[in-house]
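Novice: Below is the structure I would like to discuss, written out as structure tokens.
Where a number appears in this text, it was derived from the coordinates with a stated rule and is not lab data. In this text, all values refer to a predicted model and were calculated from it rather than measured experimentally. No Cβ is skipped: glycine too gets one built from the backbone with ideal geometry, and neighbour counts run over all protein chains shown.
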Amino acid sequence: MKRSIWFISDTHGEHEALSVPDVDMVIHCGDESNNGNAWFNEPESREFFGWYSALPTPNKVFVPGNHSTAIEKGLVKATDYPTVHFLIHQQLDWSGLKLFGSPYTPTFFDWAYMIERSELDEVWATIPDDIDILMTHGPPKGILDLTRDMESENMVHVGSKSLRKHVEQRIKPLYHAFGHIHDEQSVKNFGQVRYNETLYINCSCCNLAGRLKNHGMVVEVDVGV
């Protein structure tokens with residue numbers, strides 16, 4: 001049996017302008033809001049979750065991102081929005097598939113859910129092996145993760161090297177969705193690419209300037225029930 005999933009990420013307050021498809025599940029991979037200050041971030045986040053909760057889509061999943069500061073500080077809680085499955089380094093079983101969502105990204109400025117690169121390997125090691133759909137806020141290194149270095153202006157891959165190692169060598173999911181790294185001038189990260197048995201999906205909706213450019217990606221998946 002086929003089920004449809006709408007993958008979105010990095011809507012940054014522009015969610016109202018999204019074209020919402022008729023699907024079985026929506027998965028948001030983080031950065032629903034903008035402000036780095038958790039107290040100012042809270043109303044932004046709540047406005048998003050009011051919209052998200054009201055979507056007609058029957059199954060809703062949310063994985064926080066580095067801009068989800070109100071969630072990290074506990075000002076916005078999963079219990080506030082019972083129709084949304086919050087996955088904060090957690091697993092969800094759905095229609096015979098195993099989903100796992102993790103918000104962590106390599107440290108960059110003082111944002112939410114950030115961990116030093118040298119410590120991320122231990123975090124990824126706790127993701128189970130038999131995951132069908134992996135959602136992380138940030139990308140694995142070298143896959144849809146190009147951006148311009150702020151000092152040198154050279155293009156660099158900024159994803160997590162240790163995440164890619166765990167995905168390729170151990171977890172081997174059917175799908176790995178993420179955002180965090182946006183489209184920018186002359187660079188397209190939004191899209192999908194297959195390596196071995198995994199389809200990698202960068203579903204960032206806003207570009208680097210914070211303008212809505214992409215409307216997410218719908219993927220048909222095989223389910224057991």
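Novice: Based on DSSP, what percent of beta bridges with both residues in the chain are antiparallel, to the nearest 5?
Specialist: 45 percent
Novice: Please report Rg (one decimal) and Dmax (integer) in Å for the Cα set of region 108-205.
Specialist: 13.4, 40
Novice: Taking loop as defined by DSSP and a crowding limit of 10 other beta carbons within 10 Å, which GluC sites (Glu not before Pro) in region 111-149 fit?
Specialist: Here the sparse-neighbourhood loop sites are Glu116.
Novice: So how do 54-64, 81-91 stack up, highest first, on mean other-Cβ count within 10 Å?
Specialist: The densest-packed peptide leads the list: 54-64, 81-91.
Novice: Give me Asp22, Asp145 ranked fewest to most by other Cβ atoms within 10 Å of their Cβ, as a rough exposure proxy.
Specialist: Least to most surrounded, the residues fall as Asp22, Asp145.
Novice: Multiplying the sequence separation of Thr79 and Thr107 by 0.36 nm and subtracting their Cα-Cα distance, what value in nm do you get?
Specialist: 7.3 nm
Novice: Ok, one more. Give me the percent relative contact order of the chain, please, defined on Cα pairs under 8 angstrom at least 6 residues apart.
Specialist: RCO, the chain: 23 percent.
Novice: Take the cross-link list Lys60/Lys161; Lys60/Lys141; Lys2/Lys98; Lys188/Lys213; Lys2/Lys60; Lys172/Lys213 and give me the ones stretching past 20 Å between alpha-carbons.
Specialist: The answer is Lys60/Lys161; Lys60/Lys141; Lys172/Lys213.
Novice: Using Cβ counts within 10 Å as a stand-in for footprinting exposure, how do His182, His12 rank, fewest first?
Specialist: Fewest-to-most ranking of His182, His12: His12, His182.
Novice: Go ahead and run the numbers for FRET between Leu55 and Lys165, Cβ-Cβ distance against an R0 of 41 Å, rounding to 0.05.
Specialist: In this case the efficiency is close to 0.70.
Novice: Right, next: Under a plain spin-label model, where a point goes 7 Å from the Cα along Cα-to-Cβ, how far apart in nm are Gln90 and Arg148?
Specialist: 4.0 nm
Novice: Further, regarding this structure: Apply 1/(1 + (r/R0)^6) to the Cβ-Cβ distance of Phe40 and Lys213, taking R0 = 25 Å, and write down the FRET efficiency to the nearest 0.05.
Specialist: The formula returns an efficiency of 0.50 here.
Novice: Now for a different question. Assuming 0.890 mPa s and 25 °C, estimate D for region 5-131 with Stokes-Einstein, Rh taken as the Kirkwood radius over Cα pairs, in µm²/s.
Specialist: My calculation gives 163 µm²/s for D.
Novice: Is region 2-222 rounded, prolate or oblate when judged by the Cα gyration tensor, a ≥ b ≥ c being the square roots of its eigenvalues, rounded requiring a/c under 1.5 and prolate requiring a/b larger than b/c?
Specialist: The shape class here is rounded.
Novice: Moving on to the next point. For Val193, Val167, Val123, what ranking results if the residue with the fewest other Cβ atoms within 10 Å of its Cβ goes first?
Specialist: Val193, Val123, Val167
Novice: Okay, next question. Could you give me the ³J(HN,Hα) list for region 7-13, computed from phi with Karplus coefficients 6.51, -1.76, 1.60 and θ = phi - 60°, whole Hz, x at Gly and Pro?
Specialist: 9, 9, 6, 6, 7, 6, x
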